[in-house]
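Participant: This structure is in structure tokens; I'll ask about it shortly.
The values are calculated or read from the model by the stated rules, or taken from the named source; none is laboratory data. This one's a predicted model, so the numbers in the text were calculated from it and none came from an experiment. For neighbour counting, all protein chains shown are included, and Cβ atoms are generated from backbone atoms with ideal geometry for every residue, glycine included.
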């Protein structure tokens with residue numbers, strides 16, 4: 001299977017098409033986190049922003065960031081490496097961007113013939 005890397009040479013961010021095929025599966029929050037990590041990582045493909053930094057940039061809560069990172073790790077888009085400071089306490093995680101398959105399971109487009117109109121019955125007024 002071919003793979004492509006995520007990197008940011010000369011201020012640009014390249015995102016393989018395979019990642020966009022995953023949007024319905026991983027969700028927009030995980031995609032936003034992945035794009036932000038790729039921007040921070042640059043060509044070295046490693047970065048260590050805090051949950052707070054990721055949340056602030058992506059406009060989401062800490063719990064959403066944690067879920068998004070777990071999703072990205074589950075789909076093998078990133079590898080999370082826990083680190084320790086000199087005193088042995090937990091420090092910032094390091095995020096390694098992994099090679100991305102150029103194609104995931106294709107997403108089937110919704111055809112106009114597949115869409116049916118939906119009638120929503122108005123609610124009765126309670127007097």
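Participant: Mind listing whichever residues of the stretch 45-82 are exposed (fewer than 11 other Cβ atoms within 10 Å of the Cβ) and modelled with pLDDT under 90?
Facilitator: Of everything in the stretch 45-82, just one residue is exposed (fewer than 11 other Cβ atoms within 10 Å of the Cβ) and modelled with pLDDT under 90, namely 82.
Participant: Taking the stretch 24-39, which residues are touching a residue at least 24 places away in the same chain (Cβ under 8 Å) and in a helix (DSSP H, G or I)?
Facilitator: 24, 25, 26, 29, 30, 32, 33, 34, 37, 38, 39, listed by residue number.
Participant: Considering each of 99, 10 in turn, give the residue that is modelled with pLDDT under 90, at positive phi and either surrounded by 15 or more Cβ atoms within 10 Å (Cβ to Cβ) or more than 14 Å from the chain's Cα centre (by Cα) (or both).
Facilitator: On inspection, the qualifying residue turns out to be 10.
Participant: Residue by residue through the stretch 40-70, note down the ones that are at positive phi, without any contact (Cβ under 8 Å) to a residue 40 or more places away in the chain and in contact with a strand residue (DSSP E or B) (Cβ under 9 Å, 6 or more places away or on another chain).
Facilitator: Passing the criteria: only 42.
Participant: Could you say whether any residue in the stretch 71-91 is free of Cβ contacts under 8 Å to residues at least 60 places away in the same chain, on the phi < 0 side of the Ramachandran plot, in a helix (DSSP H, G or I) and out of contact with any strand residue (DSSP E or B) (no Cβ under 8 Å at 6 or more places or on another chain)?
Facilitator: Yes, because at least one residue in the stretch 71-91 is free of Cβ contacts under 8 Å to residues at least 60 places away in the same chain, on the phi < 0 side of the Ramachandran plot, in a helix (DSSP H, G or I) and out of contact with any strand residue (DSSP E or B) (no Cβ under 8 Å at 6 or more places or on another chain).
Participant: So residue 19 passes all but one of these: (1) more than 25 Å from residue 83 (Cβ to Cβ); (2) without any contact (Cβ under 8 Å) to a residue 24 or more places away in the chain; (3) surrounded by 17 or more Cβ atoms within 10 Å (Cβ to Cβ). Which condition number does it fail?
Facilitator: For residue 19, the exception is condition (2).
Participant: I'd like the full set of residues that are out of contact with any helix residue (DSSP H, G or I) (no Cβ under 8 Å at 6 or more places or on another chain) and assigned to a helix (DSSP H, G or I), limited to the stretch 43-56.
Facilitator: 44, 53, 56
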